[in-house]
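Since the structure comes first, as structure tokens, the remarks are kept for the end.
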Amino acid sequence: MKVLHIDLETYSSVDLKKAGLYKYVQSPDFQILLFAYSVDGGTVNIIDCACGEQIPAELITALADQKVEKMAHNAAFEIYCLNKFFYSPVSQWHCTMVHSLYCGFPASLDAAGKAMGLPEDRRKMGVGKQLIRYFCVPCTPTARNGGRIRNLPHHDPAKWRLFKEYCRQDVATEKEIYHRLEGYPIPELERQNWVLDQYINTAGVKMDLELIEGALELHGVVSQELAGKARKLTGLDNPNSVAQLKNWVQEHSGLELESLNKATVAEILADKDGKDLVKEVLRIRKELGKTSVKKYEAMRACVCADGRIRGLLQFYGASRTGRFAGRLVQVQNLPRNYIESLNTARRLVKAGRPEAVRAVYGDVPDLLSQLIRTAFIPGEGCRFIVADFSAIEARVLAWLAGEEWRLDVFRTHGKIYEASASAMFGVPIEKIKKGNPEYALRSKGKVAELALGYQGGAHALISMGALSMGLSEGELPDIVSRWRKSNRRIQDFWYTVENNAVDTVQHGIVHAMPKGISFYRDQNYLFIRLPSGRDLFYYHPELMTNAFGRKAVGFYGTSQATKKWELTETYGGKLTENIVQAVARDLLCSAMQNLYRAGYAIRFHIHDEVILEVPENSGKSLEEAVRLMCTLPEWAAGLPLDAAGFEGYYYRKD
């Protein structure tokens, strides 16, 4: 036996979507219902565990045998489920979902099969969701079903037979996906990164349950107060009703509204001539609509019995670049904190003192939003070390393009906003400091740096907040022009990347660039080889004509706009963004491997930041962690990497 393809169907009373895999499996009533498997690509067999069939001894042995590679789609599920009862090290597993993502396909078994054009008999069966709802989750007790809280095989034998066939088919689909992709193997370094990701997700991070409960209780009190105030001001029975409130706003403002979405509410609140009563009601709605409570509810829902949340990260969540995505609490999208007295705020919220919180901080929903990060805490006897890369994408872009003046900035003082303004406007950088009139140029340098590195124009500046910084729309084209003129090598890099991609797609010519970047193709893909040796995949590339009448590259992928699998056009700036973000991601993975090998426990990470849990008096230090993060892999020689951080007893944005 060399390869074992596996798919499980399971039962638990814990909601998998809300609570996550780890709490789901830890439930005392968790059970493996069906175990479908195929040995070395052969016939798919199924073990009906729910009806008393036993898993054969040779399979149990194979689960622990390092010579047998175990495979599953979203293998994290099968790994954790099986390890509740057996022993099967994660290092022996291969995940076809990660393989699909690596090759540019969607994550789900169903969507990946459709995108690959698998024949109907080798695709996931569409009836699965209905069967999973019937057998895998609790049911509502009714007089008709005899008051039972769970459906068992004997309650509907025909459905159970279909469920077994569905489980078999999942293994058949998984095998076919593996067969389609085996010519494009995941590099061994990526397998190591995935294994580390499983260790991080399984260990999890401790949560401050006292803060979470205090925040939810406080939110409930304030919400009742605000809802009561809204009812009094509007006279509506339910001011939370969009339909009722929209009609009320129209009656009292004279505005014709299509919706009361975030943008509409912001526009009305910004109107100087708007009616104060309408603004007050919409401000209440805005406060009630803050998403902070949803984060706290998600934390409470998925925290395990030991007070830790597991499974916060999705490996290769962004399939184009390989960057990680957030799951459950969505740590990649946490609100920032600005208040300085976080310790005091945390104490007041835990004590359940709404009057004191309101007296000190005013806006309670905003405070609760700022405290979300602090709900992540180290375990007993430990502290956090939090370290993050400084301006990682800007540094990578300058290194790849060979923009020497920018590299000099990053090798020395690192003040890229001031340096950019200096280069754009011909002003000595020494004059761009607080107290001087030239300091006003810094905001122009900052927004240009944030918006223009990937071939953006005036619209990119607006999206990055240029107008809210006090810049006028009329001066934006000049900022774009000045930034591009002062970054000629970056501008050349965009067009070189675009031309190489077009030429490779059209003629199959291999193009090599500095730093180990290259373009090549086969009958299925356009590839961009990264400095690390990893490839970016662009499926079924073809030439298109863009809006400017020039040749452009199109490829099939999941559109960010429509979320559908379709032909997508790309260009030099977008390809540059893919490359830069992918390189930055590879540097993060390299840093995490360095930290892991040095004995640092990584609890989670966000973009370019790692959160480490270290025992007190262990000798582990922020200085050493930063040094390990900035230790470059061989392929990144010469890249001016820098990092900084802090130590503490809860997570925050420094």
> Cα-Cα over 26 Å: which of Lys431/Lys515; Lys515/Lys574; Lys23/Lys564; Lys279/Lys653; Lys175/Lys206; Lys17/Lys295?
Replying inline: Lys431/Lys515; Lys23/Lys564; Lys279/Lys653; Lys175/Lys206
> Using a 1.4 angstrom probe and counting only protein chains, how large is the accessible area of Ser369 in Å², to 10?
Replying inline: 20 Å²
> Kirkwood hydrodynamic radius of the range 1-92 from all distinct Cα pairs, in Å?
Replying inline: 13.6 Å
> Which one of Ile528, Met299, Phe425 is farthest out on the positive end of the charge dipole of the chain, using unit charges on Cβ (Lys, Arg +1; Asp, Glu -1) and the Cα centre as origin?
Replying inline: Met299
>> Placing one identical point scatterer on every Cα of the range 419-570 and ignoring solvent, what is log10 I(q)/I(0) from the Debye formula at q = 0.09, 0.10, 0.17 Å⁻¹?
In response: -0.41, -0.49, -1.03
> Where nothing but the Cβ of Lys and Arg (+1) and of Asp and Glu (-1) is charged, how large is the charge dipole of the chain around its Cα centre, in debye to the nearest 20?
Replying inline: 840 debye
> Which translational diffusion coefficient, to the nearest whole µm²/s, is obtained for the range 324-475 from the Stokes-Einstein equation, given a Kirkwood hydrodynamic radius over C-alpha pairs, 10 °C and 1.306 mPa s?
Replying inline: 83 µm²/s
> Among His94, Val44, Gln26, which residue has its Cα positioned farthest towards the positive end of the charge dipole of the range 1-144, with +1 placed on the Cβ of Lys and Arg, -1 on the Cβ of Asp and Glu, and the dipole taken about the Cα centre?
Replying inline: Gln26
>> Residue by residue through the range 553-563, what is 3J(HN,Hα) from phi via Karplus (6.51 cos²θ - 1.76 cosθ + 1.60, θ = phi - 60°)? Round to whole Hz and write x for glycine and proline.
In response: 9, x, 8, 9, x, 7, 5, 5, 7, 9, 6
> Between the DSSP loop rule and a limit of at most 10 other Cβ atoms within 10 Å, which chymotrypsin sites (Phe, Trp or Tyr not before Pro) in the range 67-119 are left?
Replying inline: Tyr87
> When only Cα pairs under 8 Å and 6 or more residues apart are kept, what is the percent relative contact order across the chain?
Replying inline: 14 percent
>> Leaving ligands and nucleic acids out of the surface, order Glu475, Glu176 by accessible area at 1.4 Å, largest first.
In response: Glu475, Glu176
> Using θ = phi - 60° and the Karplus curve 6.51 cos²θ - 1.76 cosθ + 1.60, what whole-Hz ³J(HN,Hα) does each residue of the range 307-317 get, with Gly and Pro shown as x?
Replying inline: x, 10, 9, 10, x, 7, 10, 10, 5, 6, x
> ³J(HN,Hα) across the range 205-220 via Karplus (A = 6.51, B = -1.76, C = 1.60, θ = phi - 60°), whole Hz, x for Gly/Pro?
Replying inline: 9, 6, 10, 7, 5, 5, 5, 4, 5, x, 5, 5, 5, 5, 4, x
> Once Rh for the range 39-145 is found with the Kirkwood sum over Cα pairs, what is the Stokes-Einstein diffusion coefficient at 37 °C and 0.692 mPa s, in µm²/s?
Replying inline: 200 µm²/s
>> At 1.4 Å probe size, what's the solvent-accessible area of Ser390? Round to the nearest 10 Å².
In response: 50 Å²
> What's the center-to-center distance, using Cα atoms, between the range 25-84 and the range 92-119 in Å?
Replying inline: 20 Å
>> Quick check for me: using +1 on Lys/Arg Cβ and -1 on Asp/Glu Cβ, what's the dipole size of the range 1-135 about its Cα centre, in debye to the nearest 20?
In response: 480 debye
> Which whole number in µm²/s is D for the chain by Stokes-Einstein, with the Kirkwood Rh taken over Cα pairs at 4 °C and 1.567 mPa s?
Replying inline: 46 µm²/s
> Lys/Arg Cβ at +1, Asp/Glu Cβ at -1, dipole of the range 359-509 taken about the Cα centre: which of Ala466, Ala440, Ala391 is farthest positive-ward?
Replying inline: Ala440
> Just the Cα atoms of the range 379-468: what Rg and Dmax do they give in Å?
Replying inline: 15.9, 54
> In terms of Cα to Cα distance under 19 Å, which aspartates and glutamates are near enough to Lys350, apart from those fewer than 8 places away along the same chain?
Replying inline: Asp208, Glu210, Glu213, Glu217, Glu297, Glu340, Asp363, Asp366, Glu380
>> Just to be sure I understand the model, the point goes 7 Å from the Cα along the line to the Cβ. What's the resulting Leu216 to Glu340 distance in nm?
In response: 3.4 nm
> Using alpha carbons only, what's the Rg to Rh ratio of the range 463-516 with Rh from Kirkwood?
Replying inline: 1.20
>> What whole-number distance in Å separates the alpha-carbon centres of the range 146-163 and the range 172-217?
In response: 32 Å
> Protein chains only, probe 1.4 Å: how do Arg347, Arg406 rank by accessible area, largest first?
Replying inline: Arg347, Arg406
>> Are there any chymotrypsin sites (Phe, Trp or Tyr not before Pro) in the range 531-584 that are in a DSSP loop and have at most 11 other Cβ atoms within 10 Å? List them by number.
In response: Phe548
>> What does the extension gain come out to for Asn238 and Ser518, with contour length at 0.36 nm per residue minus their alpha carbon separation?
In response: 94.8 nm
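The values are calculated or read from the model by the stated rules, or taken from the named source; none is laboratory data. Just so it is clear, the structure is predicted and the values come from calculations on it, not from any experiment. Note that we place each Cβ from the backbone using ideal geometry, even for glycine, and neighbour counts take in every protein chain shown. Heads up: the accessible areas ignore ligands, DNA and RNA and are worked out on the full protein's heavy atoms, side chains in. Shrake-Rupley method; radii C 1.70, N 1.55, O 1.52, S 1.80 Å.
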